[in-house]
Amino acid sequence: YYTATSLDGFIATEDHSLDWLFPLGDPDSSSFPEFVGQVGAAAMGSSTYAWLLRHHVKPGTPEQAPWPYEQPVWVFSRREWPRVEGADLRFVSGDVRPVHAAMLEAAGGRNLWIIGGGDLAGQFHDAGLLDEIIVQVGSVTLGRGQPLLPRRITSPPLRLTSVKAFGTGLAELRYAVTRPEDAGAT
């Protein structure tokens with residue numbers, strides 16, 4: 001799960017806006033380009049897909065842009081969505097476990113990325129399929145919105161593996177997800 005969050009733990013505003021994030025830094029000057037280069041398949045929720053359609057791809061407009069990812073992307077949704085020409089999109093719903101298996105096969109040994117949202121990442125965690133959380137914490141607070149990870153993860157706690165600053169607006173925290181059977185390992 002690679003994402004950004006406000007200091008108070010929200011990945012987007014209540015109406016799924018990310019406008020708070022972009023003034024904090026250029027993604028190309030962060031770990032993002034290296035991270036994406038190691039990804040073989042991805043999953044996202046329907047709100048993330050809708051945001052990408054509205055704010056990046058903009059189908060049918062003069063500003064129309066190509067789909068931003070080369071990797072196959074599984075979109076979790078119960079609704080029908082328009083497809084993006086040239087994008088390898090797979091619309092699914094339900095249990096994340098069979099989708100995870102298909103993602104592993106498609107990734108060919110490369111990383112899987114849970115793009116967003118927080119509940120989808122939580123479902124992968126609940127199924128024991130989330131092994132790392134990389135979160136860039138922004139120097140803003142939103143007060144409320146879409147939570148980073150709406151789960152209680154306390155025992156065993158996540159294990160901090162690195163901290164890095166990107167400019168004056170973002171701090172990247174990397175956590176290993178510790179499973180109960182691994183809790184005693186160092």
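The values are calculated or read from the model by the stated rules, or taken from the named source; none is laboratory data. Bear in mind that the values here come from a model prediction, so they are computed numbers and not experimental data. Here the Cβ positions follow ideal geometry from the backbone for every residue, glycine too, while neighbour counts run over all protein chains shown. These area figures cover heavy atoms from the full protein model, side chains too; ligands, DNA and RNA do not enter into them. Shrake-Rupley method; radii C 1.70, N 1.55, O 1.52, S 1.80 Å.
Here are some notes:
- When W20 is tested against the conditions (1) assigned to a loop (DSSP other than H, G, I, E, B); (2) open to solvent by less than 60 Å² (accessible area, probe 1.4 Å); (3) free of Cβ contacts under 8 Å to residues at least 60 places away in the same chain, the lone failure is (3).
- Residue selected from the range 68-81 under the condition out of contact with any strand residue (DSSP E or B) (no Cβ under 7 Å at 6 or more places or on another chain) and within 24 Å of Q123 (Cβ to Cβ), by the criterion surrounded by the most Cβ atoms within 10 Å (Cβ to Cβ): P68
- Residue in the range 7-17 that is touching a strand residue (DSSP E or B) at 6+ places or on another chain (Cβ under 7 Å), open to solvent by 30 Å² or more (accessible area, probe 1.4 Å) and of a type in the set (G, A, S) present: no
- For beta carbons closer than 7 Å, sequence separation of 6+ or different chains, a first residue in the range 110-126 that is touching a residue at least 40 places away in the same chain (Cβ under 8 Å) and a second that is aromatic (F, W, Y) and in a strand (DSSP E or B), the qualifying pairs are W113/Y2; L120/F76.
- Condition check for G37 on (1) exposed (fewer than 15 other Cβ atoms within 10 Å of the Cβ); (2) in contact (Cβ under 8 Å) with a residue 24 or more places away in the chain; (3) closer than 26 Å to L104 by Cβ: one failure, at (2).
- Residues that are open to solvent by less than 60 Å² (accessible area, probe 1.4 Å) and part of a strand (DSSP E or B), drawn from the range 130-152: I133, I134, V135, Q136, V137, G138, Q146, P147
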